[in-house]
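The values are calculated or read from the model by the stated rules, or taken from the named source; none is laboratory data. Values in this document were obtained by computation on a predicted structure and should not be read as measured data. Virtual Cβ from ideal backbone geometry, glycine too; neighbours counted across all protein chains shown. We work out accessible area using only protein heavy atoms, side chains counted, and drop any ligands, DNA or RNA first. Shrake-Rupley method; radii C 1.70, N 1.55, O 1.52, S 1.80 Å.
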Amino acid sequence: MLQKARPNTSKSFLREAKDALFVMATPSDLDYFASLTKEMVAKREDPTRVYTGAKALRSELLAYFAEFGEVMTANVWARNLPSNLRAINEFKQAVFEGLKRAGCVGVVEVHLSDREINSPHIQYVGTRAHEAEMVVAHELVKRKFELSVESAVGRRHEEFVPYFEENKFARVSLLENAVSEQRLGEDARQIVGDEFFDRTKAEADTLANMLSNALAFSQQVELKAKKPKKSEDALRSEISRLKAKLGL
């Protein structure tokens with residue numbers, strides 16, 4: 001979905017600056033903006049800071065992009081995007097190479113959800129937005145993060161209704177939080193060792209088997225209870241047959 005470029009006041013643009021992918025014309029340009037972004041992120045993480053410089057950085061980036069062509073925003077749906085750091089990094093590397101080949105200059109961010117789009121999606125702000133949209137969409141489909149290029153590209157902008165207009169309680173999910181939780185899990189595994197995690201998994205599997213067996217047993221009991229009982233006449237007939245057989 002193509003839209004006009006995000007303004008320098010947009011909360012969406014550079015929201016995921018810490019993990020954003022910068023596609024610049026030269027290595028020196030990349031180093032320059034990477035340094036500014038690092039400073040801005042550090043200020044964001046400092047609770048004593050009131051101003052982070054995010055608006056100034058957005059303004060400078062938009063002016064830089066405009067030197068290479070029309071600047072637009074492309075939002076590409078990624079509904080099956082996993083919150084797996086390795087998978088996301090591999091995807092970003094492939095997108096970077098594709099955007100470089102297409103001659104794009106811009107910034108790519110992974111958004112899990114926000115107030116405008118209540119679904120995982122990839123946001124690109126930069127030049128040659130249509131080409132960038134196609135590069136991102138094909139990489140998503142290739143990795144099964146989206147069903148098809150058509151579904152990844154989504155509806156036309158004229159038909160799009162921002163999610164916050166449908167739900168005033170719309171919230172933002174940050175990629176950084178999801179990745180941080182995964183990193184914490186990986187760090188814990190390194191600290192306590194694989195043996196602990198393997199033992200815990202084995203115990204969980206054993207518990208799951210016990211619960212499965214208990215469920216199967218309860219279902220069998222329920223089936224037996226539902227079987228129709230023999231009538232009184234049938235019981236008397238059965239008793240008479242047994243007595244005759246025994247000679248009583």
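Laid out as a table, the results:
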| read-out | value |
| --- | --- |
| Residues of region 15-36 satisfying the condition of being touching a Leu at 6+ places or on another chain (Cβ under 9 Å) and either over 14 Å from L57 (Cα atoms) or among the polar types (S, T, N, Q) (or both) | D19, L21, V23, M24 |
| Candidates E70, E131, E90, filtered to the one that is out of contact with any Ser or Thr (no Cβ under 9 Å at 6 or more places or on another chain), among the acidic types (D, E) and within 21 Å of M1 (Cα to Cα) | E131 |
| Any hit, region 90-104, residues being touching a residue at least 24 places away in the same chain (Cβ under 8 Å) and within 20 Å of S10 (Cβ to Cβ) | yes |
| Residue match in region 86-102 (condition: in a loop (DSSP other than H, G, I, E, B) and closer than 21 Å to V135 by Cα) | yes |
| Residue, farthest from the chain's Cα centre (by Cα), within region 86-114, restricted to residues that are open to solvent by less than 30 Å² (accessible area, probe 1.4 Å) and among the small types (G, A, S) | A102 |
| Residue match in region 23-33 (condition: under 24 Å from E133 (Cβ atoms), open to solvent by less than 20 Å² (accessible area, probe 1.4 Å) and touching a residue at least 40 places away in the same chain (Cβ under 8 Å)) | yes |
| Residues (under 23 Å from L140 (Cβ atoms) and out of contact with any strand residue (DSSP E or B) (no Cβ under 9 Å at 6 or more places or on another chain)) located in region 42-85 | N80, P82, S83, N84, L85 |
| Qualifying residue in region 42-53 (condition: open to solvent by less than 40 Å² (accessible area, probe 1.4 Å), of a type in the set (S, T, Y) and closer than 22 Å to V153 by Cα) | no |
| Of all residues making up region 56-85, the number that are more than 20 Å from the chain's Cα centre (by Cα) and surrounded by fewer than 16 Cβ atoms within 10 Å (Cβ to Cβ) | 8 |
